[in-house]
Every structure is written in structure tokens, then in C-alpha cells.
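To keep things clear, I will list the structure first and then write my remarks on it.
Read the figures in this text as sums done on the coordinates, not as results from a lab. Computed from a predicted model, the values in this text were never measured in an experiment. Here Cβ is always computed from backbone atoms with ideal geometry, including for glycine, and neighbour counts include all displayed protein chains.
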Amino acid sequence: MSAAAVSEQSHVALNGVVRHYDGPPAVHALGPIDLEIGRGEFFSVVGPSGCGKSTLLDVLCGLARPTSGSVRFEGRELHGEVPDGIGVVFQEDSSMPWLSVRQNVAFGLRTSSLSEKEVAERVDHAVSFMGLAQFAGHYPAQLSGGMRQRVCIARTLVLRPRLILLDEPFGALDQQTRLLMGDELLRLWRETGATVLLITHALDEAAMLSDRVGVMSARPGRFIDMVETGWPRDRDSRIVSDPKFGTLTARLWSSLREESLKTMGRAA
Amino acid sequence: MTRRRAVLFVRIAVLAGLVASLEICCRTGIIDPLTIIPPSDMVASMIDRVGSGELDESIVNTFSTIVLAFVLAVGCGTLAGALVHRSSRLRDVADPLLASYYSVPTFIFYPLLVALLGLGKAPLVVLGVLSAAPAVMISTLSGLDSVSPVLLKLARVHRLSPVRTLWWIVLPAALPRLFSGFKLALSYALIGVIAGEFILSGTGLGYAISFAYQSFDNRAMYGLMLFVLLVAVIANGILYAWEGRLARRRSAG
């Protein structure tokens with residue numbers, strides 16, 4: 001298949017992507033990686049700690065250039081700049097404490113050419129979509145960790161991104177909140193039709209949310225397994241009681257166990 | 001009563017108690033009025049002196065010098081802090097110097113400054129800046145250090161220009177620490193200028209206090225001291241209230 005044909009079919013395509021960090025000591029962090037993510041797909045990446053998951057996200061959205069290989073988004077190659085149409089939600093709380101919830105969400109549109117009315121409409125929609133309408137005038141310090149992360153998701157949502165990248169967005173939340181936030185994320189994915197790439201260390205989260213899960217090796221991170229979940233598009237956290245959920249999680253763990261042991265300096 | 005109001009009430013009560021005790025001690029002769037005059041006399045003297053207009057020129061001179069020193073210290077300190085923050089090598093050199101800066105009594109340079117710049121406003125401004133700018137520089141460094149890397153990543157995701165990143169993200173994120181530096185700078189500029197006037201200058205409130213002291217005019221001296229103290233407390237109070245408003249947004253509750 002030619003590169004042009006690949007880019008027409010896939011929303012995101014990585015070809016032979018390798019990322020080194022200059023030393024000392026020099027580190028081979030990632031790759032080589034070949035990956036295609038289809039338009040509207042929910043793709044998750046799991047891997048042991050330090051395997052280069054976040055580096056993959058940085059390369060994928062244009063925050064970092066690959067040392068070799070290419071990244072294409074909607075057929076166009078990225079050159080170290082985040083293109084229009086990509087939204088990123090980080091693991092760390094990136095809400096701005098000096099802005100109210102509403103101002104935080106509107107921040108995403110400060111540089112847009114939209115009219116004030118359009119901005120207000122989009123912000124209102126994103127704020128109520130994420131269940132923050134009652135807290136629009138609050139400041140982040142007055143919200144829980146889960147709600148602050150919702151603010152960050154809403155800020156990404158107002159941009160109407162076609163590709164949403166999430167770097168362990170629920171990593172700091174408790175298990176119950178994570179499950180509920182997973183439901184919110186699935187609803188967002190269904191209603192926006194965006195392509196979603198989720199980086200996570202939680203196997204159950206990946207198994208529950210994704211159409212497809214890529215399992216990464218210990219550093220340098222490469223894909224060692226691809227798991228199709230086969231879930232229907234209309235799903236929520238209740239699928240954790242489906243026996244297939246256990247089978248999927250077990251498969252992910254069996255692929256990952258040896259790699260996780262490597263990161264602990266132990267053989268299988 | 002809220003906790004904040006209760007604290008304010010106790011604080012005012014403690015101060016009022018101290019002032020009342022001093023008043024009683026002075027009035028009953030426990031404290032010799034040649035040493036300290038009663039606070040009520042200090043207030044009366046302050047009103048007389050300031051109301052008479054004889055100090056207008058000194059007041060304008062002193063406070064314009066303080067404002068000039070403060071503005072220059074904030075400008076130079078912020079700029080120097082930002083430059084040092086950009087270079088790790090410069091930082092390695094500057095950090096220990098800044099940490100030990102306030103062990104140097106800058107007033108010892110005043111005669112040198114007078115020799116270089118004359119007896120006008122200039123040496124006082126330089127003394128004020130020398131006292132205040134390092135505090136601003138230290139707080140700028142600490143403020144810039146406190147900007148979360150994820151917010152800088154966010155700026156790149158939103159494709160913000162360097163100026164917008166500075167204006168929309170870096171400055172607001174660093175503001176609480178910058179503000180602490182500004183507060184210190186105001187105090188240091190005030191101390192630097194008034195102490196400079198006190199030691200060698202021929203004008204200003206510091207000189208007027210020194211003159212009253214040397215002429216054994218206790219009433220004038222305490223009236224002027226009270227005036228300087230009140231202005232310093234009010235100026236700091238304004239910055240403190242402003243800082244409190246900013247901080248309340250950023251903290252829960």
C-alpha cells in the first residue's frame with residue numbers, strides 16, 4: 001500500500017517513527033513504530049512505565065519531532081508544530097487557577113476568529129456537556145480533581161478537535177471517578193465523532209473504552225500486540241460485568257507482564 | 001463572626017492595647033516624656049506638621065523618590081530575573097550572590113554614590129533600587145520556576161506566540177510570587193530612601209526626622225515618624241489587600 005493510499009484511509013499514520021533523546025546518556029526512547037488509526041476510532045495505548053507512551057503522544061501531536069520516520073495527520077506530515085484539529089488533554093492538572101471555569105474553557109478559543117456570540121455558544125455547550133454548568137463561575141481551586149480534569153476536557157472540546165489525544169487523563173483520580181469519567185469520555189467520543197487516542201497505564205480502562213488497544217514493549221517502546229475489543233459503539237462502564245471484559249484484560253496483561261518485569265530489572 | 005474577621009479584630013485590639021498602654025505610661029510619668037511623647041501628642045504633632053504645609057516639599061521629594069526607586073527596581077529586577085532564568089549558567093553564577101545579597105549593608109555605599117552622583121535625588125534613587133531590585137529578581141526567578149511545565153506545553157498545543165504565552169500564561173501563573181517581591185520591594189525602597197535621607201541628604205522626610213532629632217525637638221520627630229509609618233502601612237496594606245484578592249481566587253473556599 002502506498003503512503004498516499006494509507007493517508008487517505010487513516011486519520012493518523014506513523015511510518016517508521018523513531019525518537020532518540022540526546023545524552024548524555026543518549027536514550028533510544030521510541031520505535032520504530034508503524035501505526036494507522038482510522039477516522040472515528042477509539043484507540044488506546046498501554047505499556048510499562050517509562051516505555052515512551054508520553055513520547056509517542058508528543059510525537060503524534062507535533063509537540064516533538066521524530067528522530068526518523070514520519071507522522072501524518074489527515075494526510076499532511078507534521079513538522080514539530082501542533083496542527084489545527086488536534087486537541088490534547090494532559091495527565092497533570094492543566095487548568096489555570098487564575099481563571100474561572102468558564103474562562104478556562106473559553107481559553108481554547110482566545111485566538112480563534114469566531115464572533116463573541118459563537119464563542120459564548122461553544123463555551124456554554126462544552127461547559128454543560130461536561131456537567132460544569134453549575135460551576136461556571138467557580139475557580140479550579142474550588143473543584144475536585146475530577147472536575148478540574150473535566151474543565152481541561154471541556155477546554156479541548158470547544159476547539160471541536162477531529163483528533164483528541166489524552167495522556168493518562170484519569171491517572172490521578174480514584175477508581176469510581178475514573179469509571180464515570182470513562183463514561184463521559186465515551187459519550188464525548190460518540191457525540192463528536194472525533195478520533196480518540198488514549199494513553200493509559202490502566203488495562204481495565206483500555207479494555208473498557210477502546211475499539212483497539214496497542215500494547216507497547218519496555219523502552220524503546222514498540223507495539224508488541226494489537227487487541228481488537230469488538231465492543232459496540234454504544235457502550236458504557238457496565239460492560240465491565242461482561243465476561244469478555246475479563247478475557248480482554250487478561251490478554252492485555254499476558255502481553256504486558258514480561259515487559260513490565262523488564263522495567264523492574266527482572267526476567268520473566 | 002468569620003475566622004478572618006476574628007483575627008482582624010484581635011489584631012486591632014492588640015495594637016490598640018499597646019498604644020493605650022503607651023499613652024498611660026507617658027501620661028503617668030512611668031515613661032519620661034523626654035524619651036517618648038504620648039501617642040495622642042504624636043498624632044497632634046503629625047496633623048500640625050503635615051497640615052501647616054511646611055513639609056509639602058519634603059513629602060513630595062521623599063515619596064517621588066520612593067516611587068521612582070520602586071518602579072525602577074520592579075522593572076530592572078523583573079528583567080534581570082527573566083534573563084537569569086533563561087540561562088542555567090547565569091543562574092549558577094547568580095544564585096549564591098542573590099542568596100547572600102542582603103547580608104551586605106548597602107548603605108555603606110552611600111558616600112560613594114554621593115561622590116559619583118552628587119547630593120540630589122540620584123544617589124537616593126540608586127540606594128532604593130539597590131535595596132529593592134534583588135528582592136524583585138529573587139521573586140521573579142521563583143515565580144518563573146513555579147510555572148507548571150504542563151501549562152507551557154498547553155501554550156504550544158494552542159499555538160500561542162511567545163508574547164501571548166508570556167502574557168496569558170507565564171505572567172498570571174507567576175503573579176503570586178512576583179507580587180511578594182513587589183511588596184518587599186516597596187518596603188526596601190522606602191527604607192533605602194528614608195535611611196539615605198536620614199544619613200546624608202539635605203532634603204526629604206528622613207532629613208526632617210534627623211534634623212528634629214538633632215535639635216532635640218521630640219514632638220516634631222515623633223509626629224514625622226508616625227506620618228512615615230502610617231504611609232508605609234497604608235501602601236503595604238493596599239498591596240496586601242490586592243494580593244489577598246488574587247490569592248482568594250486561587251485557593252479553595
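Residues in the range B:182-194 include none that are farther than 30 Å from B:T78 by Cβ and away from chain A (no Cβ under 14 Å). Set side by side, the residues B:A189, B:A235, B:A185 differ, and just one is in a helix (DSSP H, G or I), within 20 Å of the chain's Cα centre (by Cα) and surrounded by fewer than 20 Cβ atoms within 10 Å (Cβ to Cβ), which is B:A235.
Considering only residues of the range A:67-81 that are within 18 Å of the chain's Cα centre (by Cα) and either part of a loop (DSSP other than H, G, I, E, B) or at the interface with chain B (Cβ under 8 Å from one of its Cβ atoms) (or both), which is nearest to A:G146 (Cα to Cα)? So the residue we want is A:E81.
Hey, among B:S64, B:S21, B:S45, B:S40, which residue is surrounded by 15 or more Cβ atoms within 10 Å (Cβ to Cβ) and outside any loop (DSSP other than H, G, I, E, B)? Give the derivation first.
Numbers: B:S64 fails: surrounded by 15 or more Cβ atoms within 10 Å (Cβ to Cβ); B:S21 fails: surrounded by 15 or more Cβ atoms within 10 Å (Cβ to Cβ); B:S40 fails: surrounded by 15 or more Cβ atoms within 10 Å (Cβ to Cβ).
Result of the check over B:S64, B:S21, B:S45, B:S40: B:S45.
Quick grid of which residues meet (1) aliphatic (A, V, I, L, M); (2) away from chain B (no Cβ under 14 Å); (3) surrounded by fewer than 20 Cβ atoms within 10 Å (Cβ to Cβ):
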{"residue": "A:A29", "(1), (2), (3)": "yes, yes, no"}
{"residue": "A:S49", "(1), (2), (3)": "no, yes, yes"}
{"residue": "A:L56", "(1), (2), (3)": "yes, yes, no"}
{"residue": "A:C61", "(1), (2), (3)": "no, no, no"}
{"residue": "A:R65", "(1), (2), (3)": "no, no, yes"}
{"residue": "A:P83", "(1), (2), (3)": "no, no, yes"}
{"residue": "A:I86", "(1), (2), (3)": "yes, no, no"}
{"residue": "A:S100", "(1), (2), (3)": "no, no, yes"}
{"residue": "A:S112", "(1), (2), (3)": "no, no, yes"}
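Residue by residue, here is whether (1) of a type outside the set (A, V, I, L, M, F, W, C); (2) over 19 Å from B:L190 (Cβ atoms) holds:
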{"site": "B:I31", "(1), (2)": "no, yes"}
{"site": "B:I36", "(1), (2)": "no, yes"}
{"site": "B:S45", "(1), (2)": "yes, yes"}
{"site": "B:S52", "(1), (2)": "yes, yes"}
{"site": "B:S64", "(1), (2)": "yes, no"}
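Checked against the criterion of being touching a helix residue (DSSP H, G or I) at 6+ places or on another chain (Cβ under 7 Å) and surrounded by fewer than 19 Cβ atoms within 10 Å (Cβ to Cβ), the candidates A:D183, A:D174 yield just one match: A:D183.
Each residue in the range B:131-164 was checked for being closer than 17 Å to B:L83 by Cβ and within 14 Å of chain A (Cβ to nearest Cβ), and 4 of them qualify.
Per the conditions (1) under 16 Å from the mean Cα position of the chain (by Cα); (2) more than 12 Å from every other protein chain (Cβ to nearest Cβ), the sole criterion not satisfied by A:D93 is (2). In this entry, B:R219 passes the filter for residues that are more than 14 Å from chain A (Cβ to nearest Cβ), farther than 25 Å from B:Y110 by Cβ, among the basic types (K, R) and over 16 Å from the mean Cα position of the chain (by Cα).
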